[in-house]
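Q: Shown below is the structure under consideration.
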Amino acid sequence: MKTMMRTRGAFTGLLATVAVLGCLALSATQASAATPRPMSAPAQTSAALPVVDMEATVLAAQIDPRRADNTLTPGAKASVLAVEQALQARSLLDARWVDGYFGTTTITAYAAYQRSLGYTGLAANGLPGASSLTALGQGRFTITRVIGPGAKVQRDGYTVNNRTQAMLTETERLLGFHLVLAQGSYNPGGDPSSAGTHDGGGVVDINIDSMSTATRTAVARALRQVGFAAWIRNPSQGNWPWHIHAAAINDTDLSTQAQNQTGDYYLGFNGLANHGADDGPRIPIVTWEAYQRTH
């Protein structure tokens, strides 16, 4: 009898233990169901957006319209294509011109896009500015190596922008002396012999009348070294005194005439209406941003 009672007691204890374990398991299951599981990252539904190099794109917009052929600006094709595809999507550029070549048709289309944003004047010159390029790229591309002219400032009584001022300051550091301006930027209706090149930003004339030939050449070389398209102008070329005409490459405020000059500079011309050969000191051509990355 004692043995039977002992066995029955043990069996009863075992059932109690099983019941407890079952309750614990049920509680754990319920807790798991009640606690929200961390959500996994959503699957990427589209490929990464292409990247537009703004420096290369703006450079192509200056050089390509001045080419006699359809040669592409090195390093700019993919960026220009992305911009052209975005213009095509807005019915501003025909598909046949979506080719990576930022020629006159693409310039015209981009200027139309700038005007569609409400921009006028220099802000609708066909050169991609940071704000218009950002707007155009929404959902289509991202932008790298962003550039801009900065605010307007005064120098020697003339108006320039911060980017041009910084370039002139670095030129003076290289030369070891101060440069005096004979004409500044943002000067529409100014000297008629300038043919509109000073209407926008990035363009200055430097007084070199009292300098020796060697010093004039040194100034032109230093200006080119930091990213200006710069030429020595003499009285035999036009109705002007000795000066150096300098246009800051990739300044997005350049007038159309100054854009053309910077394109001609890359193609080995003198920036004048006669389309003559470049008569300045020949050095590797760089932009201000490229110069900064190496100095």
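Q: Counting only C-alpha contacts under 8 Å and six or more residues apart, can you give the relative contact order of segment 228-295 as a whole percent?
A: Averaging sequence separation for qualifying contacts and normalising by length gives 27 percent for segment 228-295.
Q: Quick one: length gained pulling Ala166 to His275 fully straight, 0.36 nm per residue minus the C-alpha distance?
A: Length gained, Ala166 through His275: 36.3 nm.
Q: Quick one: Cα centre-to-centre distance for segment 254-295 and segment 193-225, in angstrom?
A: The distance from the Cα centre of segment 254-295 to that of segment 193-225 comes to 12 Å.
Q: Also, quick follow-up: Label segment 140-287 by shape, choosing from rounded, prolate and oblate, from the square roots a ≥ b ≥ c of the eigenvalues of the Cα gyration tensor; if a/c is under 1.5 it is rounded, and otherwise prolate applies when a/b is larger than b/c, oblate when it is not.
A: Judged from the Cα gyration tensor, segment 140-287 comes out rounded (a/c under 1.5).
Q: Might you report the magnitude of the Cβ-based charge dipole of segment 152-294 about its Cα centre, with Lys and Arg at +1 and Asp and Glu at -1, to the nearest 20 debye?
A: 320 debye
Q: Shifting gears a bit: In the neighborhood of Gly190, defined by Cβ-to-Cβ distances under 14 Å, what is the net charge if each Lys or Arg adds +1 and each Asp or Glu adds -1?
A: With Lys, Arg at +1 and Asp, Glu at -1, the neighbours total -3.
Q: Can you list the residues, at least 5 places off or on another chain, whose amide H is less than 5 Å from the amide H of Ile143, using H built in the peptide plane?
A: Correct list: Val52.
Q: If each residue's Cβ is checked for other Cβ atoms within 10 Å, how do Val160, Val204, Val180 rank with the fewest at the top?
A: By the 10 Å Cβ count, ascending, the order reads Val180, Val160, Val204.
Q: If you add up the charges near Tyr113, with Lys and Arg at +1 and Asp and Glu at -1, over every other residue whose beta carbon is less than 15 angstrom from its beta carbon, what do you get?
A: Charge balance near Tyr113 sits at +1.
Q: Percent relative contact order of segment 152-294, based on C-alpha pairs within less than 8 angstrom and at least six residues apart?
A: Dividing the mean separation by the residue count of segment 152-294 yields 22 percent.
Q: If you place +1 on the Cβ of every Lys and Arg, -1 on the Cβ of every Asp and Glu, and leave all else neutral, what size is the dipole of segment 51-144 about its Cα centre, to the nearest 20 Debye?
A: With Lys and Arg at +1 and Asp and Glu at -1, about 180 debye.
Q: Just rank Glu84, Glu55, Glu289, fewest to most, by other beta-carbon atoms within 10 angstrom.
A: Listed from fewest to most nearby Cβ atoms, that is Glu289, Glu55, Glu84.
A short reminder: the numbers here are calculations on the coordinates, not readings from a lab. Every value quoted in this text rests on a predicted model; they were computed, and no experiment measured them. Cβ: placed from backbone, ideal geometry, glycine included. Neighbour counts: every protein chain shown.
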